[in-house]
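Okay, structure first, notes after.
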Amino acid sequence: MSLGTRHGGHGERTSALVFDSADRLSPLRKGRGYWRYIPTDDGVRFLTGYDYEPGWGALGRALDPLVVRPFVWWLTARSFDRLRLWAEAGVAPEQTSLWRAMRPGRRPRARARRCLSRPPQRGRGVMQDAPASLAEIAQ
């Protein structure tokens, strides 16, 4: 389930998402997340936060911090850079797919490393700054 909202007169937008998977092959089970878009003088700032329960039982709990979470972060960051290229340069996300990025030639490429990552402050969970709308759909 997802919910999109608009806040304030500054054009800030937030999307909240709750998900669940019973698929044995999925590395993610029940989870939630949000995406926040904040207009700035330099463009748009994208913020995101998510958390989930790992799938695959004990193996999943062991692999999650080593492999799965870093990979989910990489996919999320790369997706945001694809959106940035679309918004700033008009490069459609289809033109910056992973398969196209592997082909030789000069063209705009999405890069996860362009996205800043900051772990939550000590004592604060990753969802500390989640919007109130997330609590509405999580019920």
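The values are calculated or read from the model by the stated rules, or taken from the named source; none is laboratory data. Since the structure is predicted, the reported quantities are computational estimates derived from the model, not experimental observations. Every residue, glycine among them, receives a Cβ derived from its backbone with ideal geometry; neighbour counts consider all protein chains shown. SASA here: full protein model, heavy atoms, side chains in, ligands and nucleic acids out. Shrake-Rupley method; radii C 1.70, N 1.55, O 1.52, S 1.80 Å.
For segment 15-47, enumerate the residues that are β-branched (Val, Ile, Thr) and touching a helix residue (DSSP H, G or I) at 6+ places or on another chain (Cβ under 6 Å).
Going through segment 15-47, the residues β-branched (Val, Ile, Thr) turn out to be 18, 38, 40, 44.
The one that is β-branched (Val, Ile, Thr) and touching a helix residue (DSSP H, G or I) at 6+ places or on another chain (Cβ under 6 Å): Val18.
Can you pull out the residues in segment 52-73 that are under 30 Å from Gly11 (Cα atoms) and either aliphatic (A, V, I, L, M) or modelled with pLDDT of 90 or more (or both)? Full working, then the answer.
The first filter runs over segment 52-73 and keeps only residues under 30 Å from Gly11 (Cα atoms), leaving 52, 72-73.
Matches in segment 52-73: Tyr52, Val72.
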Do any residues in segment 109-124 that are within 25 Å of Trp99 (Cα to Cα) have Cβ atoms under 7 Å from those of residues that are modelled with pLDDT of 70 or more and open to solvent by 80 Å² or more (accessible area, probe 1.4 Å), where the two are at least six apart or on different chains, and which pairs are they?
-> Ala112/Trp74; Ser117/Trp73
Taking Asp64 as meeting all but one of (1) touching a strand residue (DSSP E or B) at 6+ places or on another chain (Cβ under 9 Å); (2) without any contact (Cβ under 8 Å) to a residue 12 or more places away in the chain, write down the number of the exception.
-> (2)
Strands (runs of 3 or more DSSP E) fully within segment 7-98 counting 1 or more residues that are more than 16 Å from the chain's Cα centre (by Cα) and exposed (fewer than 13 other Cβ atoms within 10 Å of the Cβ) | 28-40, 43-54
